[in-house]
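The values are calculated or read from the model by the stated rules, or taken from the named source; none is laboratory data. Small disclaimer: the values here were computed from a predicted structure and weren't measured. Cβ sites come from the backbone with ideal geometry, for glycine too, and all protein chains shown count toward neighbours.
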Amino acid sequence: MDTSEIQKLNAELQSPVEASLSPEAQQRRQAIVNELLLKIAAFLKNAPDHIEAGDWAFRQGELTFSELQDTRKAATLLEAVSRNYPGTEAGAKALFLSAFLHNNELGNVTLAQNLYSKFIREYPEHPFVKDAKLEIQYIGKTPEEILEASQNSNSDK
C-alpha cells in the first residue's frame, strides 16, 4: 500500500508556514490534521502489517494528543500501538508516551507506574529507560517535592 499521500500531508503539517498563528493558517492546519488522521486510520485498517504501520499508528496517537488535545484517546491509541507492534521502536515510544500521559496528564499514577515498569522490562536497552526510572521515582509527587528530592540527591554526592 502506498503511503505517499500520508507522507505528503505529514510533511505539510510540519512546514513552518502551517505553524503560523493566523486564523486562516490555523484552519488550514486543522484541515490537514483531520485529513491526515483519516488517511492514517484508513491505512492502518487496510494494511495493519505494513512495514510503516507502527510508525503511522504512533503518529496517530501523537497527533491526537498534540493537535486534537484528546489525551485519553491518545493514551488509548498509544497503548494499542505498544500491543500491536511490540519489539519495535514505535511500540517502545508508544508505551513510554502512554505511561507519561497517564502520569502527567490524566493523573492515573498506578497505571502509569505499571506501564513504566512494563517499558523497563520489555525495552531494557532503550534510551528512555533512564527517564522511565526517574518518572517512577517521582510518580505522584508535586513539583516542589521533586525539586527538593533532586536537591537532596545532589547534595548527597
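Miscellaneous remarks
- The test for being under 26 Å from HIS50 (Cβ atoms) and not acidic (Asp, Glu) holds for LYS118.
- Restricting ALA75, ALA112, ALA94 to residues that are touching a Phe, Trp or Tyr at 6+ places or on another chain (Cβ under 6 Å) and buried (at least 23 other Cβ atoms within 10 Å of the Cβ) narrows the list to ALA94.
- Among the residues making up the range 32-56, those that are without any contact (Cβ under 8 Å) to a residue 24 or more places away in the chain and loosely packed, with under 11 Cβ neighbours inside 10 Å are LYS45, ASP49, ILE51.
- Within the range 53-109, being of a type outside the set (A, V, I, L, M, F, W, C) and within 24 Å of GLN27 (Cβ to Cβ) holds for ARG59, GLN60, GLY61, GLU62, THR64, SER66, GLU67, GLN69, ASP70, THR71, LYS73.
- Residue in the range 122-131 that is at pLDDT 95 or above, of a type in the set (Asp, Glu) and within 12 Å of the chain's Cα centre (by Cα) present: no
- In the range 80-90 there is no residue matching the filter, namely being surrounded by 19 or more Cβ atoms within 10 Å (Cβ to Cβ), touching a residue at least 24 places away in the same chain (Cβ under 8 Å), more than 18 Å from GLY61 (Cα to Cα) and of a type in the set (Ser, Thr, Tyr).
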